[in-house]
1. Could you derive backbone 3J(HN,Hα) for region 292-300 from the dihedral phi with the Karplus parameters 6.51, -1.76 and 1.60 (θ = phi - 60°), listing whole Hz in sequence and x where the residue is Gly or Pro?
2. For region 207-295, list log₁₀ I(q)/I(0) at each q in 0.12, 0.17 Å⁻¹, using the Debye formula over Cα point scatterers of equal strength and ignoring solvent, two decimals each.
3. In nm², what is the average projected area of the convex hull enclosing the Cα atoms of region 66-204?
4. Given H placed 1.01 Å from N in the peptide plane, which residues other than close sequence neighbours of residue 62 have an amide H under 5 Å from its amide H?
5. Enter the per residue convex hull volume of region 144-294, computed from alpha-carbon coordinates, in Å³ rounded to the nearest integer.
6. Magnitude of the Cβ-charge dipole of region 53-460, K/R +1 and D/E -1, about the Cα centre, nearest 20 debye?
7. So for region 53-460, taking the charge dipole from beta-carbon charges (+1 Lys/Arg, -1 Asp/Glu), which of 453, 125, 378 sits furthest toward the positive end?
8. Give the Rg/Rh ratio for region 53-460, taking Rg as the radius of gyration of the Cα atoms and Rh as the Kirkwood radius, to two decimals.
Amino acid sequence: MSRFSAARTAGFVIGGVVAAASLVGAAGLIWLDLPGLTRDTVEVSAQPPAAASVATCAGPLLASGRDATQASLLTDAAPQAVTAASSANGEVAEATLAAPDVSGGAGPASLTAPPSPGGDRVDLAAAGSSTVRADDATGFAASACTRAEMESWLVTGTGTTGSADLVVLANPGDVASLVTLSVYGASGLVQPAAGKGIVVPAGTQRVVPLAALALGEENPVVRVTAAQAPVQAALQSSLTRVLAPIGIDQSAAVAAPATTLVIPGVTVTVAPGEAGASDVSTYLRLVAPSTDGTATVTVRGGAVGSGGSGTTAQTQTIPVAAGVPLQLDLSGLAIGTYTVGVEATTPVTGAVWSTTGSAAGSDFAWYTPAPELAAQTLVAVAAGPGAVLTVTSATEQVVTLDSGAAGGGDDQLRLAAGGSVSVPVTANATYRVRADAPVRAAVSYSGTGSLAGYPVPSGDAAESAIRVYPR
């Protein structure tokens, strides 16, 4: 090699080392905290393009064992009537999902509201109800039609003798979903074989008996986890005693556990000491999935039409063990409508069960936690007897209930801090709730042999922008 070549090579090497050192030094200036130098976190607010709002319903009531030759065969027991509206006052498209697990099944409705002409996402509210009177099933059921989620929780139902409960999974999307069902029971968290690898094809509803997941469990809580595409989960409960049906219900899945739960609209129809009231007529199911803690349960009530009662009927503080659901007796409440609140030291989830009695022709209902409604929200009131809307607030405020769609005007609901108001509403109609601070709301029903209720879900239009933090 010539002296020129060697010198040039040495120069290249030295130059490369100097350049690398310069880059390292520059990177240190960028990423290392220098004395007296502070940086604010960079964030970008990104509003995704408006998409259609989609809500999927639980579908018709189902019955099993009506064919003596096929005891596990599922059939439709009663159709579901759906009430729906959008904030854009436009057409709400309805599609029917396939129901291959139900012989001749009509399938659940999936509702879609396109963006407004201005390109904004619209609020979509929908709910469905069904009534069945048959030798093997009786009662009234109502539930909100909700969005599909990647994770949700089923906090109702039971796997004990006399129950024929069903986990219902619906996929309104265009991509198949792979679902896993995990169960919290008396021995903690378990992963049953029947809950693994459940394929829910696009545009399809699948049904899994709860007994296949939690046989013998008195207070099961099911975690629904989806991969590839979200699913809408619901649970149908039915109960038979001494061959007599004594109720049926449908309830949609709820969101992730939280340290604060609010369950409005709990309807008590059996007075303490009445004939048949020796059985527990109202109870709270509660589970802390992750860690031990304590929970303070407060029951506040007011008669329908009373102005913002915050009167405390019961308060109890109880321990909660990680992963093991418990049942808290709430019997002793007078006939009326209540809001059950839970403040816990660890995230919890649960529901309240109430019944009209234990004789043939009775009915029961599950009441689940209501999410905060941080913006004006549409409320769909499904068809049914004695419909009541309960609104509760953590702060004192006046809430406006716009009943224009139901043929009325605006009602001003005055709420005390921590109080609630229950007002009669028109069935098969839609309302709008407007408030200055977050509220929670639920629709409940009560009649002869009929009991049901569901929380008001937050609207699609209330979704906020996505915050992006560049690195």
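Throughout, read-outs are computed from the coordinates displayed, never taken from laboratory work. Predicted model only: the values in this text are computed from it and were never measured. With ideal geometry, Cβ positions are generated from the backbone for all residues, glycine too; neighbour counts draw on all protein chains shown.
1. For region 292-300, the Karplus-derived couplings read 5, x, 10, 9, 9, 9, 10, 10, 10 Hz, x marking Gly and Pro.
2. The Cα Debye sum returns log10 ratios of -0.56, -1.11.
3. Details: hull surface 42.8 nm².
With the hull built on Cα positions only, its mean projection is 10.7 nm².
4. When sequence neighbours closer than 5 places are left aside, the close amide H contacts are 77.
5. Values: hull volume 20.8 nm³, N = 151.
In region 144-294, the Cα convex hull volume per residue is 138 Å³.
6. On the way: 14 positive and 29 negative charges, 33 e Å.
For region 53-460, the charge dipole is close to 160 debye.
7. 453
8. 0.94
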